[in-house]
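*Asks:* Would you mind keeping the following structure in view while I ask a few things?
The values are calculated or read from the model by the stated rules, or taken from the named source; none is laboratory data. The model shown is predicted, which means the values in this text are computed figures rather than measured ones. Because the Cβ atoms are built from the backbone with ideal geometry, glycine has one as well, and the counts that use them run over all protein chains shown.
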Amino acid sequence: MEGSVRTYNVVHLPGDGIGPEVTAVARDVVDQAGKRHGFSVDWRHSPLGSEHYLRTGEVLSDETLAELRPADAIFLGAVGSPSVPPGVLERGLLLRLRFELDLYVNLRPAKQRPGVETAGADDLDFVVVRENTEGLYAGAGGIAHQGSSFEVATEESLNTRAGVERCVRYAADLAKRRGGKLTLVHKTNVLVNAGSLWMRVAKDIAAAEGVDLDYAHVDAACLYMVSDPGRFDVIVTDNLFGDILTDLAAALTGGLGLSASGNLNPARTGPSMFEPVHGSAPDIAGTGKANPAGAVLSASLMLDHLGEPAASAELEAAVDAVLAKGGAATTSAWADALTAEVSR
Ligand code: IPM
Ligand code: MN
C-alpha cells in the first residue's frame, strides 16, 4: 500500500552554528517515528544562513521565498554568526520569514520535565502565545541626525486590531482545548494605547469564547513565573514581551537547550516554521555537546501541526524518558538514547 503513505514536504534549514547538529538528530527521530506511524517526510535542504550569505550575498531572496511557500513546513536550526553584523540575518532572514509567511503566532510551551529541576517554584506547565509579526519588531522607526548630539532613534510598537485579534483568538482557542484559562500579559499601566487595544480585544474574545481571562503586567508576570507559575496556563502577549518572557521560562525549565517553538500560520495559507528557541551558540558549535532536545521538541510541535499527533506525542515522550534517566552529555549520546526510546 505504497500510495497510502502520507508524505510531507519539509524544508530543512539547518542554518548556523549548532543548528545543523541538533536538527540532524531531530530529523532522524522524525523519520523513525514516521515509519511507525505511516508517514514519511520529504526533506528539502535550504542552505540559507551566514555561510551562504558570506559566499553569495543572499540573505533571503524573493526567488528563494517563492520556493519555500509551497512547503508543508519549515524546520529551522538557528541563524546568526559572529562573522555577520548583528541584525542582518535576524531581520533579513528570520524576521522576514515570520512576516512574509504570516507566521503570526509564536508558540512556546514551558513545562517542568521529569528529572529536571526547575529554578523556581514547582507546578509549571504553561504555553506562551507570542504575537510574532507586529509590536516593536515591525520595523517602524528610524534614526535622524545621525552622529550629531541631536541624534534621534525611534522604534515604534505597531499593534493592529486585526493582528491582535487573530493572535488572541488563537490563544483563547488553545486555552479552551487545554481546559484552562487565558492570561493577557502586557503593561497597560504605562503603554496605555497598545495596552488598551490588547485588553479590549482580550476581554471581547474571552467572553465570546467562554474562556476565563486573567491579566498580569509583564514585570509582575516575571515574578509570578518564578514564584507561582501554577497560576499560568495560556499566556498571550505582544512580540517583545513574549521574547523576553520565554527566555525566562526556558531558564526555569532546564535552560534553552530544552525549549521549543513553532512559528505558526494558523490560517494555513502557507508553511509554518519550527525552531528551537536557542540560537546558533557559536561557542559550542563543533564540540559535540549541543543538546538536541529543543530541536526534537520543536519537531514534535511540527508533527502535531502537520496532523500527526501520535508521532508528536511519541517524540515528546522520548525526550521526557531520556531526561528522566538523567539526560545525555553529548549530542550523539542524546541521539542514541532518543532512537532507543522511539523504537521501543
Ligand atoms: C527568538 C530570537 C529572535 C527574536 C531573534 C534572533 C531575532 O531571540 O526567536 O526568540 O527576537 O525573536
Ligand atoms: Mn528570543
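*Asks:* Among the candidates 249, 221, which residue alone is more than 18 Å from residue 178 (Cα to Cα), outside any strand (DSSP E or B), within 15 Å of ligand 2 (Cβ to nearest atom) and touching a strand residue (DSSP E or B) at 6+ places or on another chain (Cβ under 7 Å)?
*Replies:* Details: 221 fails: within 15 Å of ligand 2 (Cβ to nearest atom).
That would be 249, the only listed residue that is more than 18 Å from residue 178 (Cα to Cα), outside any strand (DSSP E or B), within 15 Å of ligand 2 (Cβ to nearest atom) and touching a strand residue (DSSP E or B) at 6+ places or on another chain (Cβ under 7 Å).
*Asks:* Among 119, 140, which is surrounded by fewer than 22 Cβ atoms within 10 Å (Cβ to Cβ) and either free of Cβ contacts under 8 Å to residues at least 12 places away in the same chain or under 22 Å from residue 252 (Cα atoms) (or both)?
*Replies:* Working: 140 fails: either free of Cβ contacts under 8 Å to residues at least 12 places away in the same chain or under 22 Å from residue 252 (Cα atoms) (or both).
119 is the lone residue from the list that is surrounded by fewer than 22 Cβ atoms within 10 Å (Cβ to Cβ) and either free of Cβ contacts under 8 Å to residues at least 12 places away in the same chain or under 22 Å from residue 252 (Cα atoms) (or both).
For (1) in contact (Cβ under 8 Å) with a residue 24 or more places away in the chain; (2) more than 21 Å from the chain's Cα centre (by Cα), each residue gets a yes or a no:
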| position | (1), (2) |
| --- | --- |
| 135 | yes, no |
| 179 | no, yes |
| 191 | yes, yes |
| 203 | no, yes |
| 215 | yes, yes |
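*Asks:* Please determine whether any residue of segment 192-212 is away from ligand 2 (no atom under 16 Å from the Cβ), aliphatic (A, V, I, L, M) and under 20 Å from residue 123 (Cα atoms).
*Replies:* To start, the set of residues in segment 192-212 that are away from ligand 2 (no atom under 16 Å from the Cβ) comprises 192-212.
Subset that is aliphatic (A, V, I, L, M): 192, 194, 197, 199, 201-202, 205-208, 211.
Then keep just the ones that are under 20 Å from residue 123 (Cα atoms); that gives none.
No, segment 192-212 contains no residue that is away from ligand 2 (no atom under 16 Å from the Cβ), aliphatic (A, V, I, L, M) and under 20 Å from residue 123 (Cα atoms).
*Asks:* Going by the structure shown, is residue 340 hydrophobic (A, V, I, L, M, F, W, C) and without any contact (Cβ under 8 Å) to a residue 12 or more places away in the chain?
*Replies:* Numbers: hydrophobic (A, V, I, L, M, F, W, C): yes; without any contact (Cβ under 8 Å) to a residue 12 or more places away in the chain: yes.
Answer is yes for this residue.
*Asks:* Filter segment 263-275 for residues that are touching a Lys or Arg at 6+ places or on another chain (Cβ under 8 Å) and either of a type in the set (Phe, Trp, Tyr) or surrounded by 23 or more Cβ atoms within 10 Å (Cβ to Cβ) (or both); which is nearest to residue 160 (Cα to Cα)?
*Replies:* Among them, the one singled out is 263.
*Asks:* Does residue 269 satisfy the condition of being in a loop (DSSP other than H, G, I, E, B), touching a residue at least 12 places away in the same chain (Cβ under 8 Å) and in the same structural domain as residue 316 (by TED's automatic domain parsing)?
*Replies:* Details: in a loop (DSSP other than H, G, I, E, B): yes; touching a residue at least 12 places away in the same chain (Cβ under 8 Å): yes; in the same structural domain as residue 316 (by TED's automatic domain parsing): yes.
Here the answer is yes, as residue 269 does meet what is asked.
*Asks:* Quick test for you: out of 113, 69, 108, 130, pick the one residue that is surrounded by fewer than 18 Cβ atoms within 10 Å (Cβ to Cβ) and either in contact (Cβ under 8 Å) with a residue 24 or more places away in the chain or not polar (S, T, N, Q) (or both). Working first, answer last.
*Replies:* Numbers: 113 fails: surrounded by fewer than 18 Cβ atoms within 10 Å (Cβ to Cβ); 108 fails: surrounded by fewer than 18 Cβ atoms within 10 Å (Cβ to Cβ); 130 fails: surrounded by fewer than 18 Cβ atoms within 10 Å (Cβ to Cβ).
Answer to the check: 69.
*Asks:* Need the failing condition index for residue 137 against (1) within 30 Å of residue 322 (Cβ to Cβ); (2) within 16 Å of ligand 2 (Cβ to nearest atom); (3) assigned by TED's automatic domain parsing to the domain that holds residue 183, just the number.
*Replies:* Evaluating residue 137 over (1) within 30 Å of residue 322 (Cβ to Cβ); (2) within 16 Å of ligand 2 (Cβ to nearest atom); (3) assigned by TED's automatic domain parsing to the domain that holds residue 183 leaves (1) as the failure.
*Asks:* Now a separate question. Scanning for something within 11 Å of ligand 1 (Cβ to nearest atom), over 19 Å from residue 113 (Cα atoms) and out of contact with any Ser or Thr (no Cβ under 6 Å at 6 or more places or on another chain), does segment 216-235 turn up at least one residue?
*Replies:* Step one: list which residues in segment 216-235 are within 11 Å of ligand 1 (Cβ to nearest atom), which gives none.
No, because not a single residue in segment 216-235 is within 11 Å of ligand 1 (Cβ to nearest atom), over 19 Å from residue 113 (Cα atoms) and out of contact with any Ser or Thr (no Cβ under 6 Å at 6 or more places or on another chain).
Conditions (1) within 30 Å of residue 112 (Cβ to Cβ); (2) part of a helix (DSSP H, G or I); (3) not small (Gly, Ala, Ser), marked per residue:
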site	(1), (2), (3)
153	no, no, no
170	yes, yes, yes
180	yes, no, no
211	yes, no, yes
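*Asks:* Here's something else I'd like to know. Does residue 234 satisfy being within 19 Å of the chain's Cα centre (by Cα), of a type in the set (Val, Ile, Thr), within 16 Å of ligand 2 (Cβ to nearest atom) and buried (at least 17 other Cβ atoms within 10 Å of the Cβ)? Spell out the reasoning first.
*Replies:* Numbers: within 19 Å of the chain's Cα centre (by Cα): yes; of a type in the set (Val, Ile, Thr): yes; within 16 Å of ligand 2 (Cβ to nearest atom): no; buried (at least 17 other Cβ atoms within 10 Å of the Cβ): yes.
Considered against the rule, which asks whether it is within 19 Å of the chain's Cα centre (by Cα), of a type in the set (Val, Ile, Thr), within 16 Å of ligand 2 (Cβ to nearest atom) and buried (at least 17 other Cβ atoms within 10 Å of the Cβ), residue 234 comes out as no.
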